[in-house]
Every structure is written in C-alpha cells, then in structure tokens.
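What follows is one structure encoded as structure tokens, with my remarks underneath.
Computed from the coordinates by the stated procedures, all read-outs in this text should not be read as laboratory data. Since the model is a prediction, treat every value here as computed from it, not as a measurement. Cβ placement follows ideal geometry from the backbone for every residue including glycine, while neighbour counts extend to all protein chains displayed.
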Amino acid sequence: MNIRFSFSQKILATASAAAVAGMLTLPVLAATPAETVKLRQETMKQLGGHMKAIKGFAMEGQGSAEDVAVRAGEINKIAAKIPTLLPEGTGMDEVKDPKNGAKPEIWLDWEKFLKAANSLEAESKTLAAVAGGGDKAAIAAAFQSVGKNGCGSCHKPFRIKLEK
C-alpha cells in the first residue's frame, strides 16, 4: 500500500513529534537551576540505591538474580535521562551546593559527556541481560563493568569527588 502525505501533513507530523520530544524534558527546563540540581541529586541517589542492592547480590548473595535484572533495568532508565538532568547553568560554578559536583567540563566537551552517559546505559542493559541467566559470577563481572565503565566513565572526568 502506497500512502502519500501532503506537505502540510508532513509539517504537522514533524511539529507534533518535536512537541512531544520537548515535553519529555519540560520538567527539567521549567525548573530553576537549583531545582534541577536537587532533582539530579535525588535521581543519582536512586541510581546509587540500585547499585548498592546489586552489589549486595554480587558480593554477599543478598536478593536474587531477578532483583538484579529489575534494578539494572531501572539504572538503564535513569541513564537514558542523565543528559536532561544536566542542562547548562547547573554546574558547580553556577549552583553553589556542597553536593553539586558537576564540573564545567561537561559542557565544554558535551559529546564526550554524552558518550559516558551512553556507556552507563549500555552497561546496565548488559547487566540486565546477564542477570536473566542467573549466573552469579557473570552478574558480578557485569556489575563491576557497570561501575568502572558506566559510572566511572562519567564520574572521573565530569564530577568532583564529594565529601560525605
């Protein structure tokens, strides 16, 4: 079946898609820089909670492989939205907060930053898949890779070490 769209229908479809895409980031864009930093901190705490639970399974046998798969899926969802949580103007130089460790390098090398965020997304997806197999040793190895190549690829170049 050959479906033809008029020029105005194509414009309408493109505009609609752009509007939907814009609405996905609207809550962050509508927030003040300080509110965005708080949202980012809350989101990263959630990510850290998932990592801690997965570590409990990988290192101490707490929980189940199914729990790991679910939590890795949640990390994957968070990783996908990390770039929206770091709009320009929310770095440590702009928003003075002792827990805001976002270095200016994020915006100076945005492509490298996106690559790091994508790395966490890919590593967490791999962890979820490995967890589906139930092999504890493989899960532990995938978890270590998430920490080193996922979290670490962003934390080392783009975040200062925060005091606890």
Amide H contacts under 5 Å for R159, placed H, 5+ residues apart: K103
Pairwise label distance in nanometres, A80 with K52, each label 7 Å out on the Cα-Cβ vector: 2.6 nm
Under 11 Å from the K99 label point (7 Å along Cα→beta-carbon), backbone N, the stretch 32-72: 38-46
In nm, spacing of pseudo-spin labels at I160 and E35 (7 Å Cα→C-beta vector): 2.6 nm
For the stretch 49-57, Karplus couplings with θ = phi - 60° (6.51, -1.76, 1.60), whole Hz, Gly/Pro x: x, 5, 4, 4, 5, 5, 4, x, 6
Karplus-derived 3J(HN,Hα), 6.51/-1.76/1.60, for each residue of the stretch 131-137, Hz, glycine and proline x: 4, x, x, x, 6, 4, 5
Under Karplus coefficients 6.51, -1.76 and 1.60, residue-wise ³J(HN,Hα) of the stretch 94-103 in Hz, glycine/proline x: 8, 10, 7, 8, x, 9, 9, x, 6, 6
Amide H contacts under 5 Å for L86, placed H, 5+ residues apart: none
Prolate/oblate/rounded label for the stretch 69-120 (Cα gyration tensor, a/c 1.5): oblate
